[in-house]
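Reading through the structure tokens given below for one structure.
The values are calculated or read from the model by the stated rules, or taken from the named source; none is laboratory data. Since the model is a prediction, treat every value here as computed from it, not as a measurement. Backbone-built Cβ (ideal geometry, glycine too); neighbour counts: all protein chains shown. Side chains included, ligands, DNA and RNA excluded: accessible areas come from the protein's heavy atoms. Shrake-Rupley method; radii C 1.70, N 1.55, O 1.52, S 1.80 Å.
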Amino acid sequence: MVPAIEKADMIFSFLMQHPEGSTLKETSTILGIPKSTTHRLLISLSELDYIEHDHHSGRFFLGPKLLSLSRAAERRLNLNRITTPYLEELSSRTRETVKLSVIRHKKVYVINTVLSPRIMKITVESGTVFPPHIGAAAKLLLSSLPDEEIDEYLEQELEEYTVNSVTDRDMLRNEIEAIRSEGLARDRQEETIGISGIAAPVRDSFGGIVAAVSIPYLSALRPEAELLPPLIECVDGISRRLGFYKHDEYSSSTPTTKE
């Protein structure tokens, strides 16, 4: 544990139980933190908007940034509930397995899956973990990271799953730029020979990519063109639920969809 962070957590928890606020002396005394340390933490957290300071009363309250963080966490926790109807409709329309993935600490996690209604189907379980350079959803989410985080990931040795896996760093950088430009990513039999995939981003109200919806499919049986319009309609619908309303990013390459 980092002592300063541990003490900040104590302050947050304390103020959460005291909506009427607390003075410096009260906070220091009740939490058992030296007054000088408490003062430095409260002032620093106030300057960062995690805490509000009423100079008239001298009391400190939880600040607006925590509300934003709470809403962001709530969106993530509710992502499965929000996305399930859209994923079910997408699977029904395409008769393919569809999945929702997120990236955390440079690993890609499948957090929601709807299996194809076909007897013969591609199965992907929720909780499956992929490296960020393998597969359509993974590469799309990798492309959403800041450049410095991508460079850090590419410094490690990239595992090859099939002969089609992109493990050359320059090739992967070029593909990341293409994904960013088009707003779509593709799996060209990189994880399993015979299985391709296409992925599109789910965006929040700020336009940031928070997840990816992808469709793995048997390369020999389905043309991508059949899957793309319902996929775009699906991610547009989810993104609108999260407060994102800009749709012109796909206009040059995909049909316009309506809610």
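When Gly58 is tested against (1) open to solvent by 60 Å² or more (accessible area, probe 1.4 Å); (2) more than 15 Å from the chain's Cα centre (by Cα); (3) at positive phi, just one condition goes unmet, and that condition is (1). All conditions but one from (1) open to solvent by less than 60 Å² (accessible area, probe 1.4 Å); (2) modelled with pLDDT of 90 or more; (3) outside any strand (DSSP E or B); (4) of a type in the set (Val, Ile, Thr) apply to Ile122; the one that does not is (2).
Is it the case, given these coordinates, that Ser181 is open to solvent by 40 Å² or more (accessible area, probe 1.4 Å) and within 16 Å of the chain's Cα centre (by Cα)? So Ser181 fails the test.
Quick grid of which residues meet (1) outside any helix (DSSP H, G or I); (2) among the hydroxyl-bearing types (Ser, Thr, Tyr):
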{"position": "Ser13", "(1), (2)": "no, yes"}
{"position": "Lys25", "(1), (2)": "no, no"}
{"position": "Thr38", "(1), (2)": "no, yes"}
{"position": "His53", "(1), (2)": "yes, no"}
{"position": "Leu67", "(1), (2)": "no, no"}
{"position": "Arg81", "(1), (2)": "no, no"}
{"position": "Pro85", "(1), (2)": "no, no"}
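Scanning the stretch 204-226 for residues that are within 20 Å of the chain's Cα centre (by Cα), open to solvent by less than 40 Å² (accessible area, probe 1.4 Å) and without any contact (Cβ under 8 Å) to a residue 60 or more places away in the chain turns up at least one hit. Filtering the stretch 217-253 down to residues that are outside any helix (DSSP H, G or I) and basic (Lys, Arg), which residue is modelled with the lowest pLDDT? Out of the qualifying residues, it is Lys246. Among Ile103, Ile150, which is within 14 Å of Ala211 (Cβ to Cβ), open to solvent by less than 40 Å² (accessible area, probe 1.4 Å), at pLDDT 90 or above and of a type in the set (Val, Ile, Thr)? Criteria check complete, one pass: Ile103.
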